[in-house]
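Nothing in this text is a laboratory measurement; each read-out follows from the coordinates by a stated rule. Since this is a predicted model, take the numbers as computed values, not measurements. Methodologically, a virtual Cβ is constructed for each residue, glycine included, from the backbone with ideal geometry; neighbour enumeration extends over all protein chains shown.
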Amino acid sequence: MKLTLIAMAGTVVTLSFSALAEDMPGMKMDGMEGMKMEQETKQAPVANAEGTIKAMDTAKHTVTLAHGAVPAVQWPPMTMAFSVTQDQLKGLKVGDHVSFSFQLEGGRATIVSIRK
């Protein structure tokens, strides 16, 4: 009998919270218009570097760059592939010295901008 009452009380509480969560027309949101939610403000920082184009793979959407040290992400000089769009590669070729900026997202380095 006690277990049944406890189970019923839990169900009532759960249903009450569900109803409140679905319909809160009286809740005031004054002063929250300009606030950013935490998940909106977390964006990968952009790092800048210079390097030389070693390879371009349009099928894989990558550009391989031999770049100098990148203090913003604590990288030593190295040669690596970056994700890139076809449009970003227009006018560039293997051997070009470039300045570029990139973001690290989920273990992948993605070019934000690249220019000679």
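Run the quick spin-label model on LYS90 and LYS60: label points 7 Å from Cα toward the beta carbon, then report their separation in nm to one decimal.
2.5 nm
Binning every alpha carbon pair distance of region 46-115 at 10 Å from zero, what are the percents per bin?
So the P(r) values, bin by bin, are 22, 62, 16, 0.
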